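To start, the structure itself, in structure tokens.
Just so it is clear, none of the values below were taken in a lab; they were calculated from the coordinates. Computed from a predicted model, the values in this text were never measured in an experiment. Neighbour counts run over all protein chains shown; Cβ positions are idealised from the backbone, glycine included.
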Amino acid sequence: MSDLKVDGIIASTGTNTNLTLQGKGTGKVAIGDGALLFPDADGSADQVIKTDGSGALAFTTLTSGVTRTESTEIATNADTESFTDVPSGTKAIEIMYRGVSYSSGLGIIAITLGDSGGLHTSGYAGGYGKIEGSTASEVASTTYFSCGECATTDNANGRIWLSNPSGEVWLMTTVSYIGQVAMECSAGTVTLDTEVTQWQVQAIGAGTFDAGSIQAWYYT
């Protein structure tokens, strides 16, 4: 290997011309005491140079970041609202509901997940707890995610976070409140057979949803 040793500045002699460093034959340009070997061919558009940790540099394509897709906001005015617009590869679902009320007494806000085989109505573990004044209560279910309550006079507002950490295991957490009188939180888990493709929110009780809206964000 030939060495070029300079104590000063190397500059091209022409006006507005490039300074080219080029290895001979299959040799590459080495920078930094020869530790970093640069590729001798250009990469593709929008690629970047990365290191292998041993001094070899190469062009690579950056992996895409998280993509968020919004569902259509739906008015909650029936017993069940269904969502079948889950994008392929979804790893998390954020559900927001506001002003949701119930036609008679108290109703449980229930979330059910589904895959290509349909909605899963078993295998859920978890429930929600409610603090209202000095009174605490809880509701558990094995047939759906129990995410809180809504009432006829005090509307429910909250956020449900569903995440898929591995395989087809889904975790649920919720924070919500009913009017100004009660705070609720919930957690649970369920395992699907294949990737999630659909979900529904249902009013569990004697009545139906009669006000408010719900919307989801899907993260892939």
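Excluding Thr61 itself, calculate the net charge of residues whose Cβ lies under 15 Å from the Cβ of Thr61, where each Lys or Arg counts +1 and each Asp or Glu counts -1.
So the environment of Thr61 carries a net charge of -1.
With contacts defined as alpha carbon pairs under 8 Å and 6 or more residues apart, what's the relative contact order of the chain in percent?
It comes to 28 percent, rounded to a whole number.
If R0 is 22 Å, what FRET efficiency do you get for Ser44 and Asn18 from their C-beta distance, rounded to 0.05?
Taking R0 as 22 Å, the efficiency between Ser44 and Asn18 is 0.55.
List the extent of the Cα atoms of region 93-220 along each of their three principal axes, largest first, rounded to whole Å.
Cα extents, longest axis first: 40, 27, 26 Å.
Picking from Asp40, Asp115, Asp193, which is most flexible by a Gaussian network model of the chain using Cα springs under 10 Å?
Asp40
Across region 147-159, in residue order, what do the Karplus-derived ³J(HN,Hα) couplings come to in whole Hz, using 6.51 cos²θ - 1.76 cosθ + 1.60 with θ = phi - 60° and x for Gly and Pro?
The phi angles translate into 10, x, 10, 9, 10, 6, 9, 10, 5, 9, 9, x, 9 Hz.
Once the other residues with Cβ under 11 Å from the Cβ of Glu94 are scored (Lys, Arg +1; Asp, Glu -1), what is the net sum?
+1
Using modelled backbone amide H atoms (1.01 Å from N, in-plane), which distant-in-sequence or interchain residues come within less than 5 Å of Lys91's amide H?
Result for Lys91 returns Tyr219, Thr220.
Provide the gained length on full extension for the span Thr220 to Leu171, in nm with one decimal, where the gain is 0.36 nm per separating residue minus the Cα-Cα distance.
Result: 16.0 nm gained on full extension.
Springs between alpha-carbon atoms under 10 Å, Gaussian network over the chain: tell me which of Gly53, Gly127, Gly167 tops the mean-square fluctuations.
Top of the fluctuation ranking is Gly53.
Please give me the summed charge of the neighbours of Ser137: other residues whose Cβ is under 12 Å from its Cβ, Lys and Arg +1, Asp and Glu -1.
It works out to a net charge of -3.
Which residues in region 86-107 place their backbone N less than 18 Å from a point set 7 Å from the Cα of Asp79 along the Cα-to-Cβ direction?
Counting backbone N atoms under 18 Å from the label point, the list is 101-107.
For labels at Glu70 and Asp33 in the simple 7 Å Cα→Cβ model, what's the distance in nm?
Distance between label points: 5.4 nm.
Report the Cα centroid-to-centroid distance between region 19-71 and region 139-206 in angstrom, as an integer.
Their Cα centres are 46 Å away from one another.
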